[in-house]
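Working notes, beginning with the structure itself.
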Amino acid sequence: MQNPEVREEHVSANAREVTAERPPSAEPGNPPAAVPESADGRVQRMMDLLHGALVMQLLAVAAEFDIAELLADGPLPVPELARRCGAHPQSLHRVLRALAGQEVFQEVEPGVFALTPLAQTLRAGVPGSVRAWIRFWGMPEKLQAINSLSYSVRTGRPAFPHVHGTDWWSHLAAHPDQAELFNDSMGILARRVHAATLESCDLTGVVRVVDIGGGHGHLLATILPRYPELRATLLDQPSVVTGAKAVLEAAGVADRVDLVGGNFFESVPPGADAYLLSMILHDWDDEQCVAVLRTIRRAMAPDARVMVVEAIVPEGNTPHDGKLRDAIMMALHPGRERTEAEFAALFAAAGLRHAATTALSSSTGLLIARI
Ligand SMILES: C[S@@+](CC[C@H](N)C(=O)[O-])C[C@H]1O[C@@H](n2cnc3c(N)ncnc32)[C@H](O)[C@@H]1O
């Protein structure tokens, strides 16, 4: 149950504040259809669940071969498509036939495929593109770690270092092509989901926000145009932060952002009135999270706020994206997706108080902490 005292004075009028009357478990999720009553129906339901893994692989292949881009000007016969993307025609046909069954692509006449609205999202550079996200999902090194999830369940440790001999961040630093995919895919979520989550919090009057672990700056590129007076500092690993320049320039806000390469376990820029942690804490275990939050606590002005954008996992059986994505955290990182109470406990251990939770959705929410 939530703390009925939790209130936040800067939360905008349309934000939903935490109250004892609205526990997170009451938030809408995506309830699965009722479990079939017959044994055959239940077997089919389990098959359908398993087939999700195959759909993911098929989507990753379609994105890798840029099929949607090749169909952008109109339908093409499979042999021509295969010639243009360097695929084996019959195998490509099987991929497209399977995806057409999921409303991604459509066989408009035998052997000729076209885009559907869902297939449009596989194109690069179009509004609503998730191409980078799908390519990130299909990254073999990531999938190898997820395939070793049982190691994590047995040991409580992330499978990625076990499988690859190095942690996720060091791996990305050594593989710039994969780092680019990761940062691009984070950018998709930051612009579409995390920025919308932050809209529940009015930043009017905030002079400087520090985006801690801000990646390539996609979140700042979305927020800053809304607040013409707001200045920002983007802190991320030195190898990452340089990639933010182009994103911020394209958004016309580069002159308002200082880029800082650093390590958030050691220090963060002092004296700002807002510290943003978007999709950071879920990468780390409790001890590491408290260390990051303490670093911020030391640096922040007394009346500053810490804004945490994360999946906020509801208690009980409520379906939630975070409960599924938690498997990725388990396989890749020492971290995990957390409940609101678990975040509040992290804040308390770092000398902060949980001031509000807003914008809860089936994907993310915003927690605000203060001294
Ligand atoms: C999951 S991404 C989140 C990116 C961005 N905040 C967003 O919401 O899309 C985590 C970020 O933390 C950064 N990071 C990881 N370890 C770090 C460290 N020790 N110091 C600074 N940044 C770090 C990564 O480079 C990455 O950009």
Item checked: Charge sum, other residues only, whose C-beta stays under 12 Å from Glu310's C-beta, Lys/Arg counted +1 and Asp/Glu -1 -> -3
Check: What net charge do the residues around Ala327 carry, taking every other residue with its C-beta under 15 Å from that of Ala327, with Lys and Arg at +1 and Asp and Glu at -1?
Finding: +3
Item checked: Residues with amide H under 5 Å from that of Arg305, placed H, sequence gap 5 or more -> Ala274, Tyr275
Notebook entry, point to check: What net charge do the residues around Leu234 carry, taking every other residue with its C-beta under 9 Å from that of Leu234, with Lys and Arg at +1 and Asp and Glu at -1?
Noted result: -3
Checklist line | Amide proton proximity set for Val209, modelled H, under 5 Å, gap of 5+ | finding: Arg231, Ala232, Thr233
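Values quoted throughout were computed directly from the atomic coordinates according to the rules given, and no laboratory measurement underlies them. Here the structure is a predicted model, which is why all the values come from computation and not from measurement. Note that each Cβ is placed from the backbone with ideal geometry, even for glycine, and that neighbours are counted across all protein chains shown.
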